[in-house]
Amino acid sequence: MNDTPTITPEDLEYVWLAHTGSAPVLDGLEDGYQPELDGGDAGPLGLRKFADALTQPPVVQAWRRPDRPVRIAAQLAEVRAHSDLPAVTGWAYEGSQPGPTIEVRRGRPALIDWVNDLADDAHHAARLPFDVVRVPLLASGAPDFESAAAPGGRSTRLGAGADSYPPLDHTDALTAATVVHLHGALTDGHNDGWAHNVATVGHTTRCTYPNDQPAATLWYHDHAMAVTRFNVHAGLAGFYWIRDEVEDALAFPSGRHELALVLADRNLETLPAAAGDAGPRFTGRFLYKHAAFAFGPGQPVGEIPVTGPFNAVNGLIWPTQDVSARWYRLRLVNGAGARIYRLALHDSTDEVLAPGAGVVPPDPAFTANRLKDALVVIGTDGGLLPAPFVPVDGTIDLAPGERLDLLVDFGRLRGRTLELRNENGSALNAMPGQADATIMRFVVSRHRVVDRFRLPQVLNPEYHRYEHTHDGHAHVWVGVVPPGIRGSLHPELWELAPLAKGAPVPASDVIQITQADGSVLSLHPVAKLFDDATSIFLAEGQWALWNLIHLGGPDHPMHIHMTEFQMISRRAWPVPRPGGTVPQFDVATGSTTQPLPVPGPGRPIDAMAAGMKDTWVLKAGEWAQVLGHFAGATGSFMYHCHILDHEDHTMMRPFVVLPKDLLAFHRGHGGGHS
């Protein structure tokens with residue numbers, strides 16, 4: 001008899017949730033402050049905090065050259081993630097991590113030549129600048145989360161040791177093939193970064209971006225089919241800011257008082273331990289370290305999405321920034337592969353943490369110094385909110401792919417030392433096996449400065465709340481299902497369609513939902529994998545209501561290309577615990593055992609969720625409806641989970657937008673529209 005415990009998909013999801021939770025330094029500030037760097041000892045994870053001044057990527061004002069393309073090359077560059085680490089070769093756009101911030105003006109098109117120049121000295125396509133490894137299962141058959149989350153380790157090809165792990169199959173042979181997606185852009189499909197349209201070394205892709213949309217914080221990143229997670233992790237990401245007259249009139253903090261912040265978590269490679277080592281010997285390279293998992297003895301082995309113990313901002317681990325005592329604008333994107341941040345600003349001036357142990361919730365010390373009104377939200381993915389918004393508890397969730405536009409009044413905090421922290425799945429003073437909560441530090445000058453900025457009461461007079469009018473728009477149905485269905489290793493994205501009236505209900509792969517009038521809606525999957533036939537066809541100019549239904553598993557940040565949306569409703573069915581499965585859904589058959597009841601109220605739609613967005617966190621048991629206007633662009637586009645490991649496996653699908661008159665003919669080729 002085999003007593004090895006079976007790991008169920010629901011157990012795995014819950015445990016995973018519990019564990020996730022190169023440019024010039026800025027000029028001196030007006031008052032003459034120089035960056036205050038930390039010269040202390042390395043902490044429990046092996047690196048000093050605040051040893052490096054935050055850097056800002058160079059700025060390219062593409063709007064100044066409307067008739068000439070801007071060349072942005074992905075190339076090899078010398079990078080250093082921390083001053084105590086060796087410099088190594090990494091991937092970067094124009095030698096910068098993140099890439100240059102591209103600034104454009106609303107209504108002024110920009111031409112960008114995206115160049116793949118990732119070649120080594122012998123002009124061969126470069127290989128990944130880090131190793132991808134998989135930490136084996138524990139003897140019990142459970143995932144070894146602690147080793148996967150611990151700092152350091154290496155591929156077995158670099159040496160033996162207890163923390164040497166086998167490389168993931170085929171990753172040693174991967175060479176640079178790239179395609180750029182401008183995330184949040186209203187642009188035709190051939191400019192959108194279709195995942196198959198990769199450019200190999202020496203090739204250039206020219207894209208035209210109309211920029212016919214309001215001021216917003218967009219970002220560009222690699223989107224190559226099945227390897228997006230590796231290329232983005234290597235450093236291929238940067239900001240793209242659209243500016244307009246509405247934003248100009250608000251006179252937000254600008255120049256050195258407007259900071260670009262690309263957040264990501266990372267792990268670092270180490271050399272094998274040697275006698276006399278005082279701590280880990282980091283090589284300077286990142287390490288893409290998965291935890292393996294399986295649903296039982298003899299079952300196939302998969303990989304848990306990667307998270308790391310170190311937080312990096314603009315490619316630097318735990319940087320510091322001296323700021324004047326005045327308002328600043330902070331523009332953030334979560335560029336991590338999987339980690340969902342819960343951001344908060346903490347006053348750490350007088351904070352003393354006991355050494356030797358990490359501080360985690362519910363210890364009151366974890367949140368004791370949180371500043372509950374410090375972060376003022378002025379914009380989300382698609383642009384400015386109608387009015388400033390201050391979260392009730394001072395925290396803001398930011399999932400991979402989401403952007404955030406903030407104002408912070410450091411004038412209220414003269415002489416204080418602050419930390420931007422992650423309160424999700426993290427620890428203060430983290431020990432090996434834990435993720436550190438610190439993201440970066442702000443040191444506020446003691447000197448007063450003249451600051452004429454005043455927080456406006458109205459930000460975006462163009463904003464209006466969308467209404468679901470049931471007036472000729474399309475309905476799109478998408479189901480997010482947990483892993484384990486017929487042995488599948490990963491969560492899946494099912495494109496759903498209603499069964500015809502009177503059609504028999506199949507014994508498997510059917511989701512039934514009780515509607516408000518008592519009738520039962522029966523949905524079945526018409527596509528599950530990216531290469532299945534396209535089933536979503538929308539007419540250009542059409543409104544579409546996307547129904548996103550999460551039947552169980554970890555949080556999924558869902559991203560839809562081409563346009564911006566508003567969330568119309570968010571309802572929910574109860575699940576036994578975070579990451580659990582809706583009780584009526586049977587993983588064995590991929591079906592509901594009985595119709596789901598009418599869903600109850602879900603998380604409230606606050607001002608941020610009601611803003612213009614293209615990426616939302618979908619939690620287990622939720623049914624979110626988002627409404628978008630598919631006008632101003634045509635072509636083939638994608639939607640997917642923005643946990644990049646999920647996107648690269650089984651959670652991305654295409655959709656098509658065509659002129660209405662073409663759709664009538666396209667149906668003869670097997671097409672249609674929802």
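The values are calculated or read from the model by the stated rules, or taken from the named source; none is laboratory data. Given the structure is predicted, the values throughout are model-derived calculations rather than measurements. Heads up, the Cβs are rebuilt from the backbone with ideal geometry, glycines too, and the neighbour counts pull from every protein chain shown. Only protein heavy atoms, including side chains, enter the accessible area calculation; ligands, DNA and RNA are left aside. Shrake-Rupley method; radii C 1.70, N 1.55, O 1.52, S 1.80 Å.
For region 426-454, filtered to residues that are over 11 Å from residue 309 (Cβ atoms) and assigned to a loop (DSSP other than H, G, I, E, B), the residue that is most open to solvent (accessible area, probe 1.4 Å) is 452. Across region 126-160, the qualifying residues are those that are over 27 Å from the mean Cα position of the chain (by Cα) and within 13 Å of residue 269 (Cα to Cα), and the one among them that is least open to solvent (accessible area, probe 1.4 Å) is 159. With respect to (1) within 19 Å of the chain's Cα centre (by Cα); (2) open to solvent by 30 Å² or more (accessible area, probe 1.4 Å); (3) of a type outside the set (Gly, Ala, Ser), the lone exception for residue 605 is condition (1). Within this structure, residue 126 passes the test of being modelled with pLDDT of 95 or more, out of contact with any Pro (no Cβ under 7 Å at 6 or more places or on another chain) and within 28 Å of residue 190 (Cα to Cα). The residues on offer are 193, 202, and the sole one that is at pLDDT 95 or above, within 24 Å of residue 115 (Cβ to Cβ), open to solvent by 10 Å² or more (accessible area, probe 1.4 Å) and part of a loop (DSSP other than H, G, I, E, B) is 202.
When residues in region 161-185 are screened for being aliphatic (A, V, I, L, M), surrounded by fewer than 24 Cβ atoms within 10 Å (Cβ to Cβ) and in a loop (DSSP other than H, G, I, E, B), 5 of them pass.
To keep it simple, each residue is scored yes or no on (1) over 30 Å from residue 553 (Cα atoms); (2) open to solvent by 10 Å² or more (accessible area, probe 1.4 Å); (3) charged (D, E, K, R).
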site: 257; (1), (2), (3): yes, yes, no
site: 275; (1), (2), (3): yes, yes, no
site: 292; (1), (2), (3): no, no, no
site: 302; (1), (2), (3): no, no, no
site: 309; (1), (2), (3): no, no, no
site: 328; (1), (2), (3): yes, no, no
site: 344; (1), (2), (3): no, no, no
site: 358; (1), (2), (3): no, yes, no
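Quick one: in region 386-402, of everything that is open to solvent by 40 Å² or more (accessible area, probe 1.4 Å), out of contact with any strand residue (DSSP E or B) (no Cβ under 6 Å at 6 or more places or on another chain) and not in a strand (DSSP E or B), which residue is modelled with the highest pLDDT? That would be 393.
Please specify each residue of region 608-620 satisfying the condition of being under 25 Å from residue 527 (Cα atoms) and either open to solvent by less than 50 Å² (accessible area, probe 1.4 Å) or polar (S, T, N, Q) (or both). Steps first, please.
Taking region 608-620 first, the residues under 25 Å from residue 527 (Cα atoms) are 614-620.
Hits for region 608-620 are 614, 615, 616, 617, 618, 620.
Give, as residue ranges, the strands (runs of 3 or more DSSP E) completely inside region 563-666 that count at least 1 residues that are farther than 30 Å from residue 234 by Cα and either among the small types (Gly, Ala, Ser) or at pLDDT below 95 (or both). Explain how you work it out, then say what you get.
Working: elements: 565-572, 615-618, 622-630, 635-641, 652-658.
Counting at least 1 such residues, we get 565-572, 622-630.
Scanning region 19-36 turns up no residue that is open to solvent by 30 Å² or more (accessible area, probe 1.4 Å), modelled with pLDDT of 90 or more and assigned to a loop (DSSP other than H, G, I, E, B).
One residue stands out among those in region 57-107 that are buried (at least 18 other Cβ atoms within 10 Å of the Cβ) and more than 22 Å from residue 232 (Cα to Cα): the one that is farthest from the chain's Cα centre (by Cα), which is 63. Which of the residues spanning region 362-385 are exposed (fewer than 15 other Cβ atoms within 10 Å of the Cβ) and out of contact with any Gly (no Cβ under 7 Å at 6 or more places or on another chain)? 362, 363, 364, 368 - these are the residues of region 362-385 that are exposed (fewer than 15 other Cβ atoms within 10 Å of the Cβ) and out of contact with any Gly (no Cβ under 7 Å at 6 or more places or on another chain).
The residue list 505, 478, 510 contains one member that is closer than 29 Å to residue 306 by Cα and among the aliphatic types (A, V, I, L, M), which is 478.
Those residues that are closer than 22 Å to residue 498 by Cα and of a type in the set (A, V, I, L, M), I need them from region 541-566; list them, please. Full working, then the answer.
In the first step, residues of region 541-566 are kept if they are closer than 22 Å to residue 498 by Cα; the result is 542-552, 558, 560.
Hits for region 541-566 are 544, 545, 548, 549, 551, 558, 560.
Scanning region 350-368 for residues that are more than 28 Å from the chain's Cα centre (by Cα) and under 20 Å from residue 41 (Cβ atoms) yields 351, 352, 353, 354, 355, 356, 357. For residue 315, are the conditions met, namely being open to solvent by 10 Å² or more (accessible area, probe 1.4 Å), on the phi > 0 side of the Ramachandran plot, small (Gly, Ala, Ser) and touching a strand residue (DSSP E or B) at 6+ places or on another chain (Cβ under 9 Å)? Against the criterion (open to solvent by 10 Å² or more (accessible area, probe 1.4 Å), on the phi > 0 side of the Ramachandran plot, small (Gly, Ala, Ser) and touching a strand residue (DSSP E or B) at 6+ places or on another chain (Cβ under 9 Å)), residue 315 qualifies.
Conditions (1) farther than 30 Å from residue 301 by Cα; (2) among the hydrophobic types (A, V, I, L, M, F, W, C), marked per residue:
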site: 510; (1), (2): no, yes
site: 528; (1), (2): no, no
site: 537; (1), (2): yes, yes
site: 555; (1), (2): no, no
site: 559; (1), (2): no, no
site: 565; (1), (2): yes, yes
site: 579; (1), (2): no, no
site: 584; (1), (2): no, no
